[in-house]
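Below: one structure, written as structure tokens.
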């Protein structure tokens, strides 16, 4: 049996790190989009912001979702950056 005090946990792979940022940001973007578009119609926003461009309601929902996802991805990325251990992942934990 492996002694828990002597074994070091394997560091997460880059794919796991990216997934740890993309997955929560996706869920927050879904909730933010649902709440935002429950009160605002994309066609009304288009008439106010870009009256010279014709967009469909579906394009407005899609663009809004991806903008929300981009914003929450940036927020999650900053959080992940601030939670990193000082000195990188190669350094063993202090005892």
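For a footprinting-style exposure proxy, rank 13, 25, 33, 77 by other Cβ within 10 Å, fewest first.
Least to most surrounded, the residues fall as 13, 77, 33, 25.
Please compute the Kirkwood hydrodynamic radius over the range 24-88, one decimal place, Å, based on all pairs of different Cα atoms.
Working: mean 1/r = 0.0751 Å⁻¹.
Hydrodynamic radius (Kirkwood, Cα pairs) of the range 24-88 is 13.3 Å.
Between residue 27 and residue 10, what length comes free when the chain is fully extended (0.36 nm per residue of separation minus the Cα-Cα distance, one decimal in nm)?
Details: separation 17, 0.36 × 17 = 6.12 nm, distance 2.71 nm.
Length difference between fully extended and current span is 3.4 nm.
By how many nm would the segment from residue 80 to residue 17 grow when fully extended, if each residue of separation counts as 0.36 nm and the alpha-carbon distance is taken off? Could the numbers behind the result be given before it?
Details: separation 63, 0.36 × 63 = 22.68 nm, distance 0.85 nm.
Extending this stretch completely gives an extra 21.8 nm.
If contacts are Cα pairs under 8 angstrom and at least 6 residues apart, what is the relative contact order of the range 21-83 in percent?
Values: 41 pairs, mean separation 34.3, N = 63.
It rounds to 54 percent for the range 21-83.
Which of the peptides 49-55, 17-23, 34-40, 67-73 is most tightly packed, and how do the rest follow, judged by the mean count of other Cβ atoms within 10 Å per residue? Before the final figure, lay out the partial values.
Working: 49-55: 8.9, 17-23: 14.1, 34-40: 11.6, 67-73: 17.1.
Averaged packing, sorted descending, gives the order 67-73, 17-23, 34-40, 49-55.
No value in this document is a laboratory result; all are computed from the given coordinates. Small disclaimer: the values here were computed from a predicted structure and weren't measured. All Cβ positions, even for glycine, are placed from backbone atoms using ideal geometry, and neighbour counts span all protein chains on display.
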